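Below you'll find the structure, written out as structure tokens, and then a few comments.
The values are calculated or read from the model by the stated rules, or taken from the named source; none is laboratory data. Fair warning: this is a prediction, and the values are worked out from it, not measured in the lab. In this analysis, Cβ positions are derived from the backbone assuming ideal geometry, glycine residues included, and neighbour counts consider all displayed protein chains.
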Amino acid sequence: MSVEYKDYYKILGVTKAASQEEISKAFKKLARKHHPDLNQNDPDAEKKFKECSEAYEVLKDPEKRKLFDSLGANWQHGQNFQRPPGFENVQYNFGGQGGQQFDAGAFSDFFETIFGGVGGAAGPRGRQDRGGSFGDFGGFGGAGGFGGAGGYSRGPSRGSDANASLELTLEEAYLGGAKEVAFQEQTIGPDGAPRLGTKRLSVSIPAGVRDGAKIRLSGQGNAGRAGGKAGDLYLKVRIMPHALFKLEEGNVILDLPLAPWEAALGAKVRVPTLDGAVEMSIPAGSSSGRKLRLAGKGLGGQGKRGDQLVRLMVQVPGSLTDEERELWEKLAQASDFNPRPF
């Protein structure tokens, strides 16, 4: 997954050699300038405030800054890492007179790719609240104190939940069962640099699981901090296209080709399903497009399974022998069938 590189030094307007004090001053100046409470008519203020807050979140922390410095120079030369999920619904609290809850949205994909799941106090439902509280800014109201940006709770905190896609064949979704899956997992090595490893898990697939459903794996998300419990991993099911079948919600659709005489006279035809072929009776006089139903042969849980709909598709020969042409001509002369009653 390719994500946009962000130069945090450039965002704050400082050099790579800037001191912590210079970084702090630069951030405070930009935060005052782009504070959403003070720029309610500027649609770009919120975005700029998020950017400078994200940059300060990294550069104020010696460990994060060291990691960013070691990675940044090579980032634009093909070193792409899998994005670790997290940091959803991040909120900044702007204190002071009439302070509002600002849904920051929060950190960029670039930040999450490098620092996903690191630090942060667990908020409601286990999500991590980051960024801390920003009090009134000095120079315009309040006591003039500048609240601690990016404050962390030092106690144990639950890790953030993670999300990933799980690709299944239609047969796997229908039948269910155990499936071993492998994920790329980002870890921090002894040198403080991010590394990619492979994590293998055995997943129990519910029989009949539908496209878009989520499977929860408890404790397989991002690690907690300071001994806190790990978050959960949510696998979103994606059912891959099939050569024969199409999906329509929980129903499975199969187009069944028929010869004209099978449709006219009726026939018994072998029909494939997701758990083996069955013999289906085709009623005489069936027109192309008619749908026949095989109950309970679709997706869904027990008692809620969809059906397999067999759509009859009458086919005609692409070329005829002289004998076949003669027979069709005799049929045309003998029949009074009119398919166009207008």
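The criterion of being within 15 Å of Phe107 (Cβ to Cβ), in contact (Cβ under 8 Å) with a residue 40 or more places away in the chain and of a type in the set (A, V, I, L, M, F, W, C) holds for Leu67.
Looking across Ala295, Ala277, one residue alone is closer than 30 Å to Ile205 by Cα, exposed (fewer than 14 other Cβ atoms within 10 Å of the Cβ) and touching a Lys or Arg at 6+ places or on another chain (Cβ under 8 Å). It is Ala277. Scanning segment 196-232 for residues that are in contact with a helix residue (DSSP H, G or I) (Cβ under 7 Å, 6 or more places away or on another chain) and at pLDDT 90 or above yields Ile205, Ala207, Gly208, Val209. Checking each residue in segment 246-277 for being part of a loop (DSSP other than H, G, I, E, B) and either touching a residue at least 24 places away in the same chain (Cβ under 8 Å) or within 44 Å of the chain's Cα centre (by Cα) (or both) picks out Glu249, Gly250, Ala259, Pro272, Thr273, Leu274, Asp275, Gly276, Ala277.
Would segment 281-292 turn up any residue that is out of contact with any Ser or Thr (no Cβ under 9 Å at 6 or more places or on another chain), under 23 Å from Ala173 (Cα atoms) and not in a helix (DSSP H, G or I)? Quick ask: steps written out before the conclusion?
Here is the first cut: in segment 281-292, the ones out of contact with any Ser or Thr (no Cβ under 9 Å at 6 or more places or on another chain) are 281-291.
After this cut, where a residue has to be under 23 Å from Ala173 (Cα atoms) as well, the list is none.
Checking segment 281-292: not a single residue is out of contact with any Ser or Thr (no Cβ under 9 Å at 6 or more places or on another chain), under 23 Å from Ala173 (Cα atoms) and not in a helix (DSSP H, G or I).
Consider Val316 carefully, then state whether it is in contact with a Pro (Cβ under 8 Å, 6 or more places away or on another chain), over 30 Å from Leu217 (Cβ atoms) and of a type in the set (Val, Ile, Thr). So Val316 passes the test.
Of the helices (runs of 4 or more DSSP H) lying entirely inside segment 1-111, those containing at least 2 residues that are at pLDDT below 80 and outside the structural domain of Gly224 (by TED's automatic domain parsing) span 62-75. Looking across segment 39-68 at every residue that is surrounded by fewer than 17 Cβ atoms within 10 Å (Cβ to Cβ) and of a type outside the set (D, E, K, R), the one that is nearest to the chain's Cα centre (by Cα) is identified as Pro43.
Which residue is surrounded by the most Cβ atoms within 10 Å (Cβ to Cβ), if the candidates are limited to segment 298-342 and must be of a type in the set (S, T, N, Q) and in a loop (DSSP other than H, G, I, E, B)? Steps first, please.
Restricting attention to segment 298-342, the residues satisfying the condition of being of a type in the set (S, T, N, Q) are 302, 308, 315, 319, 321, 333, 335, 338.
From what's left, in a loop (DSSP other than H, G, I, E, B): 302, 315, 319, 321, 335, 338.
Details: Gln302: 9, Gln315: 12, Ser319: 6, Thr321: 9, Ser335: 9, Asn338: 7.
Out of the qualifying residues, it is Gln315.
Just give me the residues in segment 216-245 being touching a Leu at 6+ places or on another chain (Cβ under 8 Å), part of a strand (DSSP E or B) and either of a type in the set (Lys, Arg) or farther than 20 Å from Lys179 by Cβ (or both), in sequence order. Across segment 216-245, the qualifying residues are Arg216, Lys236, Arg238.
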